[in-house]
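K.L.:
Here's a structure for you.
Every number here is computed from the coordinates shown, using simple stated rules; none is lab data. Note that this is a predicted model, so its numbers are computed, not measured. Cβ sites come from the backbone with ideal geometry, for glycine too, and all protein chains shown count toward neighbours.
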Amino acid sequence: MLSGNQINQFERNGFLNAGVVLENEEIDDLCNALETVLARGPEGFGHGQAKPVLFHNMISGEHSQTERAVYQIVNIWEAAPAFERLLYHPFIVQAIHQLTSFGSIQIWHDQIQYKPPQSGGANAWHQDAPYWPSIEPMTPVSAWIALDNVDELNGCMWMVPGSHRWGNQIEYLHEQKHLQHADHFCEIANFTPPPDQPIQQVDAVSCPVKRGEVHFHHSLTWHGSPENASSRARRAIAIHYMSSEARFTGREHVMKQFIKVDVGQTMLEAGNHFPIVFQGGQAVEAPKTPTFAQR
Ligand SMILES: O=C(O)CCC(=O)C(=O)O
């Protein structure tokens, strides 16, 4: 369980490192599963085989001249049982309940963001919720779990304390796309927070996360991560949750193709791509057999 202090810290800042949640052996299993998926590559999954929903270099095209890469794998859990089990991690799920007060919690989607050594690219400043127009209300909290020690040198996330209370500022944040390198990533300029909010300065801070630790962030918290120019890999997985009371809007997202309810209906019956992980006051147990993947 999160302590009252941790919850207060999350509510004030919009993010929280809640410490170690995974044993070495679990991390090794996750890393092995990730290596298997990376080795197969986006084209390595045959027709009818369980596969991630999306697998690509998320900065190719945009910065193709730099030959940098951030491999984004959405719903690796569908292809890898170790990642499916992680969705049901009781501490993480309970913490999401504590931070949101939702009575029923589902997975919206997960995503690996893997930055290879030396050539890892940046994930520019953004907020998550504006990228998820398919569901309302927007999903308020994500869990981000490090599979390597992640720090300023290999592309840890940076966050702006208090920014989750400043509304949807995605257009402003897109103007900060030139901030790519660790040495200037924090130099966000020319923004005045709304005067009625408790935090009044834009002070980006780095958020190092050790292997096996979980870091939570609000879906309106300004965040991003600079390039990985170090000799170390940066492997991490984010899990994005939603309330089962969230409603399908019909708007676009890579997960929209799997939503089995009509526009305006709640996501509770959205289908098995959106597993329920908390219900009836407790974390749900992981299924005994994988939903999609072969063992
Ligand atoms: O892994 C990263 O560097 C960024 C991840 C992210 O933007 C998120 O989890 O919302």
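K.L.:
Between residues in the stretch 4-31 that are without any contact (Cβ under 8 Å) to a residue 60 or more places away in the chain and closer than 17 Å to Asp203 by Cβ and residues that are of a type in the set (A, V, I, L, M) and not in a helix (DSSP H, G or I), which pairs lie under 6 Å by C-beta distance while being six or more apart or on different chains?
P.N.:
Pairs that qualify, where the first residue is without any contact (Cβ under 8 Å) to a residue 60 or more places away in the chain and closer than 17 Å to Asp203 by Cβ and the partner is of a type in the set (A, V, I, L, M) and not in a helix (DSSP H, G or I), are Gln9/Leu16.
K.L.:
Could I ask something else about it? Within the stretch 262-281, identify whether any single residue is among the aromatic types (Phe, Trp, Tyr), more than 23 Å from Gly162 (Cβ to Cβ) and either free of Cβ contacts under 8 Å to residues at least 24 places away in the same chain or surrounded by 19 or more Cβ atoms within 10 Å (Cβ to Cβ) (or both), and answer yes or no. Quick ask: steps written out before the conclusion?
P.N.:
Just the residues of the stretch 262-281 that are among the aromatic types (Phe, Trp, Tyr), to begin with: 274, 278.
This time we only want the ones that are more than 23 Å from Gly162 (Cβ to Cβ), so: 274, 278.
Within this subset, residues satisfying the condition of being either free of Cβ contacts under 8 Å to residues at least 24 places away in the same chain or surrounded by 19 or more Cβ atoms within 10 Å (Cβ to Cβ) (or both) are 274, 278.
There is at least one residue in the stretch 262-281 that is among the aromatic types (Phe, Trp, Tyr), more than 23 Å from Gly162 (Cβ to Cβ) and either free of Cβ contacts under 8 Å to residues at least 24 places away in the same chain or surrounded by 19 or more Cβ atoms within 10 Å (Cβ to Cβ) (or both).
K.L.:
Within the stretch 136-182, take every residue that is within 12 Å of Gly224 (Cβ to Cβ) and in contact with a Ser or Thr (Cβ under 8 Å, 6 or more places away or on another chain) and give me the one that is surrounded by the fewest Cβ atoms within 10 Å (Cβ to Cβ).
P.N.:
Trp158
Yes/no matrix, rows are residues, columns are (1) within 16 Å of the ligand (Cβ to nearest atom); (2) within 17 Å of the chain's Cα centre (by Cα); (3) among the aromatic types (Phe, Trp, Tyr):
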position	(1), (2), (3)
Leu153	yes, no, no
Phe185	yes, no, yes
Ala189	no, no, no
Thr192	no, no, no
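K.L.:
OK, next. Tell me, please, whether a residue that is more than 28 Å from Gln9 (Cβ to Cβ) and in a strand (DSSP E or B) can be found in the stretch 248-258.
P.N.:
Going through the stretch 248-258, the residues more than 28 Å from Gln9 (Cβ to Cβ) turn out to be 248-258.
Right, trim to in a strand (DSSP E or B) and you get 248.
Scanning the stretch 248-258, I find at least one residue that is more than 28 Å from Gln9 (Cβ to Cβ) and in a strand (DSSP E or B), so the answer is yes.
K.L.:
Could you tell me how many of the residues in the stretch 216-247 are part of a strand (DSSP E or B) and near the ligand (Cβ under 9 Å from one of its atoms)? Quick ask: steps written out before the conclusion?
P.N.:
Just the residues of the stretch 216-247 that are part of a strand (DSSP E or B), to begin with: 216-218, 223-225, 228, 234, 236-243, 247.
Subsequent filtering for residues that are near the ligand (Cβ under 9 Å from one of its atoms) retains 217, 223-225, 234, 236-240.
Of the residues in the stretch 216-247, 10 are part of a strand (DSSP E or B) and near the ligand (Cβ under 9 Å from one of its atoms).
K.L.:
Which ones in the stretch 283-295 are in contact (Cβ under 8 Å) with a residue 12 or more places away in the chain, out of contact with any helix residue (DSSP H, G or I) (no Cβ under 8 Å at 6 or more places or on another chain) and not acidic (Asp, Glu)? So that I can check it myself, show each step before the final result.
P.N.:
Here is the first cut: in the stretch 283-295, the residues in contact (Cβ under 8 Å) with a residue 12 or more places away in the chain are 283-287, 290-295.
If we keep only those that are out of contact with any helix residue (DSSP H, G or I) (no Cβ under 8 Å at 6 or more places or on another chain) too, we end up with 285, 294.
Residue satisfying the conditions is Gln294 alone.
K.L.:
Would you mind finding the one in Phe83, Phe55 that is touching a residue at least 40 places away in the same chain (Cβ under 8 Å), buried (at least 22 other Cβ atoms within 10 Å of the Cβ), within 16 Å of the ligand (Cβ to nearest atom) and not in a loop (DSSP other than H, G, I, E, B)?
P.N.:
On the way: Phe55 fails: touching a residue at least 40 places away in the same chain (Cβ under 8 Å).
Exactly one of Phe83, Phe55 is touching a residue at least 40 places away in the same chain (Cβ under 8 Å), buried (at least 22 other Cβ atoms within 10 Å of the Cβ), within 16 Å of the ligand (Cβ to nearest atom) and not in a loop (DSSP other than H, G, I, E, B), namely Phe83.
K.L.:
Moving on. Working only within the stretch 114-135, note down all residues that are within 9 Å of the ligand (Cβ to nearest atom) and among the aliphatic types (A, V, I, L, M).
P.N.:
Scanning the stretch 114-135 gives a single hit, Ala122.
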